[in-house]
Amino acid sequence: EAVRDILERVKDRGDNRLGVEAMGLLEAYGIPIPDGDIVDSPEDARAVAEGIEGDVVMKIVSPDILHKSDIGGVKVGVADDEVDDAYEDLITRARNYQPDANLLGVQVQEMADLDSGTETIVGMNRDPQFGPLMMFGLGGIFVEVLEDTTFRVAPVSESEAREMTEEIKTAPLLRGARGRDPADVDGIVETIQRLSQLVADFPAIMEFDINPLVATPDGVAAVDIRLTVD
Ligand code: ADP
Ligand code: MG
């Protein structure tokens, strides 16, 4: 099964942290992710970018670099003819940051619509007392500035997941306050539930963060993930 393979592979490489190479795990649980692929050459990066309409996002993929933007490891709005340079630059930045970093490649990804979309976070960590705790909050700058998050013990029912989307301080933003486009709250609710199921099915998953889960009026897309396995 897809999820088990992904979790086994990380153990084989002697690591317990995964980044966007684990996106297949989200696919397996029916959580929408942007089009894209992980490649290990500029030529392949170009081929993936040409298969995606419009500009793309390119990200370094390494278990040693899980906060990619911190090292300039995320390039947003890359045109087809910029892909080669972007690829080389990402690899250079990663090598400069940590010469012996385990580089798995570069992810080339469809752009999510951040103009009409809201960046949210869905996460989980295992609390010694309560067990798996699902977390939901606003993403982007909001998460650090406002610490606007809420928690429920997994498994999370539909009504509990909906409560999570209603009780954060910035909930009105999701519903379209101040002329914003309303987010697909049903899509968020479904995503929280599906992830709660994933956590129940795989006790080896110790914690994870989907940041951001971009919620537009038309749906949601998980554009970034990191997780830790036992
Ligand atoms: P990290 O959290 O490791 O720095 P992310 O993949 O979350 O890396 O990318 C950082 C930021 O770049 C995101 O919070 C988002 O604002 C933007 N971004 C990343 N991927 C996309 C995408 N596919 N479409 C639009 N914006 C993106
Ligand atoms: Mg992120």
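Each Lys or Arg adds one and each Asp or Glu takes one away; over the other residues whose Cβ falls under 11 Å from the Cβ of Asp230, this sums to +1. Length gained on full extension, Glu163 to Arg178: 3.2 nm, using 0.36 nm per residue less the C-alpha separation.
Pull up the cross-link candidates among the lysines for Lys59, meaning alpha carbon to alpha carbon under 27 Å and not fewer than 8 places away within one chain. The qualifying lysines are Lys11, Lys68, Lys75. The value of relative contact order for the stretch 112-153, using C-alpha pairs under 8 Å at least six residues apart, is 34 percent. Contact order, relative form, for the chain: 22 percent (alpha carbon pairs under 8 Å, 6 or more residues apart, mean separation divided by residue count).
For the stretch 124-230, chymotrypsin sites (Phe, Trp or Tyr not before Pro) meeting the loop criterion (DSSP other than H, G, I, E, B) and having at most 15 other Cβ atoms within 10 Å: Phe130.
Around Asp127, under 12 Å between beta carbons, what's the net of Lys plus Arg minus Asp minus Glu among the other residues? Net local charge, Asp127 excluded: +1.
Between Thr170 and Ser69, the C-beta separation translates, for a Förster distance of 22 Å, into a calculated FRET efficiency of about 0.55. Using a cut-off of under 13 Å, list every residue of the stretch 1-44 whose amide N is near the label point 7 Å from the Cα of Ala204 along the Cα-to-beta-carbon line. Counting backbone N atoms under 13 Å from the label point, the list is 1-18. Averaging sequence separations of C-alpha pairs under 8 Å and six or more residues apart, then dividing by the length of the stretch 84-170, give the relative contact order as a whole percent. Value for the stretch 84-170: 18 percent. Is the C-alpha gyration tensor of the stretch 2-110 telling us rounded, prolate or oblate? Criteria: a/c under 1.5 is rounded; beyond that, a/b larger than b/c is prolate, otherwise oblate. Note, shape of the stretch 2-110 comes out oblate. Note on Asp113 and Arg93: the model spin-label points, each 7 Å out from Cα along the C-beta direction, lie 2.7 nm apart. If R0 is taken as 25 Å, the Cβ-Cβ distance between Asp186 and Asp15 corresponds to a FRET efficiency of 0.10. Oblate is the label for the chain. Its Cα gyration tensor axes, ordered a ≥ b ≥ c, give a/c of at least 1.5 and b/c at or above a/b. Converting phi to 3J(HN,Hα) with the Karplus coefficients 6.51, -1.76 and 1.60 and the offset θ = phi - 60°, the stretch 168-179 yields 5, 4, 8, 3, x, 4, 5, 8, x, 5, 6, x Hz in sequence order, with x at every glycine or proline. What shape does the stretch 46-160 have by the C-alpha gyration tensor, where a ≥ b ≥ c are the square roots of the eigenvalues, rounded means a/c under 1.5, and otherwise prolate means a/b greater than b/c and oblate the rest? Prolate is the answer for the stretch 46-160, as a/c is 1.5 or above and a/b outweighs b/c.
Quick note: the coordinates plus some simple rules give every number you see, no bench work behind them. Remember, it's a predicted structure, so these values are computed and weren't measured experimentally. Methodologically, a virtual Cβ is constructed for each residue, glycine included, from the backbone with ideal geometry; neighbour enumeration extends over all protein chains shown.
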